[in-house]
């Protein structure tokens with residue numbers, strides 16, 4: 001058991017098992033071959049070839065594409081193919097900075113392998129020359145990773161909010177961290193992965209912020225999404241990462257990245273180069 | 001002009017332009033097609049196919065493979081194909097942690113596209129709530145990147161030294177940083193790139209250490225490899241990175257990684273996700 005197990009859990013699967021999803025002439029996703037048959041009834045707006053499914057080029061505007069996708073997933077949802085509906089829309093495009101081509105309900109994103117984005121906060125406390133990290137245990141009612149360990153605050157990046165703005169909102173909802181404190185959080189990089197999960201292809205970038213919290217601060221969940229919080233030493237967290245899959249698969253990457261950046265993992269560890277590379281795929 | 005120019009300068013080239021170099025049945029490098037004709041005379045120890053050049057499987061030991069490669073590069077050197085001879089041997093294997101299959105003179109590594117490893121130190125000084133970074137200007141006599149800007153200390157990772165041990169040696173030679181101070185340096189990750197340079201295919205991992213230096217510390221070069229040192233604000237260094245290619249191509253990645261990790265680059269920068277991904281290829 002080692003940190004590499006957590007890296008491997010986010011490793012790319014076999015790309016042959018997907019066909020590209022094309023919108024406005026550009027690849028925006030990857031659809032598992034098992035999903036194709038459920039999309040065949042929508043041949044009015046989807047075109048099928050051996051290697052790709054394309055959204056009709058007649059859908060020439062953001063709104064037209066959004067409406068067409070909404071109708072498709074309305075039907076798929078009724079068939080039970082889109083569990084964990086959030087009522088939260090994600091932008092879909094070629095990259096984070098490229099203009100979105102349409103928007104879609106968050107829960108449908110993995111089914112089409114669209115790119116997803118999130119903000120994750122490492123809330124840490126200094127204890128002498130050691131760091132302790134706040135860990136949240138996700139509510140058992142969460143649609144993804146129920147009961148798993150997570151950052152103190154983590155959330156998807158929806159349409160219409162800036163990253164820091166979203167972080168402030170999530171920090172309020174998940175841990176009741178005051179906005180003035182959150183504004184001190186520093187951007188610290190990103191992890192990325194492309195991996196198959198039960199819900200589909202996850203092709204995500206998680207933007208990472210670090211926030212040093214006062215020893216007196218006690219997080220409090222306000223939205224029911226976090227069951228409890230723990231303030232743990234990095235040694236204890238490393239043991240959990242190495243020996244269990246209690247951390248949500250992608251949140252584990254964020255913790256490992258924190259450990260790498262803060263010098264907690266010895267570069268002489270034989271797996272070091274592989275670990276660092278595995279945080280960015 | 002932007003930081004993305006520095007990322008793009010280390011981007012992968014066209015892989016079709018290389019053939020794999022195989023040793024002990026495993027890919028250990030990539031040879032530019034223009035180099036193949038110079039290797040043809042060595043058909044006693046090299047086997048050629050359309051997609052690969054293989055070191056004869058009759059060379060069954062580390063020493064036999066090392067001797068065969070040494071003879072090949074002795075001849076190529078006499079033909080002027082291996083400039084910048086270092087008299088420093090690099091291990092060659094599948095990865096950093098895999099057992100080396102043979103060793104070879106450092107200057108010959110890019111010609112065969114073998115994986116290279118280095119240690120780079122960010123030496124920084126706190127100035128209020130700002131950070132300043134020591135920058136070295138490489139001697140004009142260096143075989144690679146003469147006159148370019150670089151970390152305060154950076155060196156290749158040769159056979160027979162641990163990373164920290166090598167860092168201590170390089171810190172003495174390049175900047176006269178006392179070993180007791182270097183031991184306080186913290187591992188902070190790695191950057192990696194696979195890119196074509198005039199000398200061949202560079203497929204490198206640079207292990208990164210951060211070291212906070214006292215304001216009173218003044219680096220002094222002892223081996224003639226650094227012309228001068230500057231202590232610059234991150235603002236000034238960012239301007240140089242954005243507007244010039246004065247930094248050595250790979251050292252620029254190490255500086256950008258430092259800026260990302262220390263919160264100096266806003267995650268709302270539209271290129272942020274691309275920049276972070278571009279540090280790990």
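When only residues in region B:251-274 that are in a helix (DSSP H, G or I) and at the interface with chain A (Cβ under 9 Å from one of its Cβ atoms) count, which is surrounded by the fewest Cβ atoms within 10 Å (Cβ to Cβ)?
Narrowing region B:251-274 to residues in a helix (DSSP H, G or I): B:251-261, B:272-274.
Add one more test, that the residue is at the interface with chain A (Cβ under 9 Å from one of its Cβ atoms), and what stays is B:257, B:260-261, B:272-274.
On the way: B:257: 24, B:260: 23, B:261: 25, B:272: 22, B:273: 21, B:274: 18.
Filtering first and then ranking leaves B:274.
Check whether at least one residue in region A:122-130 is within 14 Å of chain B (Cβ to nearest Cβ), surrounded by 16 or more Cβ atoms within 10 Å (Cβ to Cβ) and touching a strand residue (DSSP E or B) at 6+ places or on another chain (Cβ under 9 Å), and report yes or no.
Here is the first cut: in region A:122-130, the residues within 14 Å of chain B (Cβ to nearest Cβ) are A:122, A:124, A:129-130.
Filter once more, keeping what is surrounded by 16 or more Cβ atoms within 10 Å (Cβ to Cβ): A:122, A:124.
Applying the additional criterion that residues be touching a strand residue (DSSP E or B) at 6+ places or on another chain (Cβ under 9 Å) yields A:122, A:124.
Yes.
Scanning region B:213-244 for residues that are exposed (fewer than 15 other Cβ atoms within 10 Å of the Cβ), under 23 Å from the mean Cα position of the chain (by Cα) and more than 14 Å from residue B:136 (Cβ to Cβ), which turns out nearest to the other protein chains (Cβ to nearest Cβ)?
Among residues in region B:213-244 that are exposed (fewer than 15 other Cβ atoms within 10 Å of the Cβ), under 23 Å from the mean Cα position of the chain (by Cα) and more than 14 Å from residue B:136 (Cβ to Cβ), the one nearest to the other protein chains (Cβ to nearest Cβ) is B:242.
How many residues does region B:47-62 hold that are within 25 Å of the chain's Cα centre (by Cα) and either over 14 Å from residue B:22 (Cβ atoms) or not in a strand (DSSP E or B) (or both)?
Looking only at that region, the number is 1.
Any chance you could count how many residues in region B:141-172 are in contact (Cβ under 8 Å) with a residue 40 or more places away in the chain, over 19 Å from residue B:183 (Cα atoms) and either surrounded by 16 or more Cβ atoms within 10 Å (Cβ to Cβ) or in contact with a strand residue (DSSP E or B) (Cβ under 7 Å, 6 or more places away or on another chain) (or both)?
Number satisfying all stated conditions: 9.
Report, by residue number, each residue of region A:81-92 that is assigned to a loop (DSSP other than H, G, I, E, B) and within 24 Å of residue A:37 (Cα to Cα).
Within region A:81-92, A:81, A:82, A:83, A:84, A:85 meet the criteria.
Among all residue pairs at least 6 apart or on different chains, which show Cβ distances below 6 Å where the first residue, located in region B:88-106, is more than 14 Å from residue B:204 (Cβ to Cβ) and the second is part of a loop (DSSP other than H, G, I, E, B) and modelled with pLDDT under 95?
B:88/B:158; B:89/B:159; B:97/A:270; B:103/B:159
Check residue A:228 against each of (1) modelled with pLDDT under 95; (2) touching a strand residue (DSSP E or B) at 6+ places or on another chain (Cβ under 8 Å) and name the one condition it does not meet.
Only one criterion in (1) modelled with pLDDT under 95; (2) touching a strand residue (DSSP E or B) at 6+ places or on another chain (Cβ under 8 Å) is unmet by residue A:228, namely (1).
The values are calculated or read from the model by the stated rules, or taken from the named source; none is laboratory data. Source: prediction; values computed, not measured. Reconstructed Cβ throughout: ideal geometry from the backbone, glycine too, with neighbour counts over all protein chains shown.
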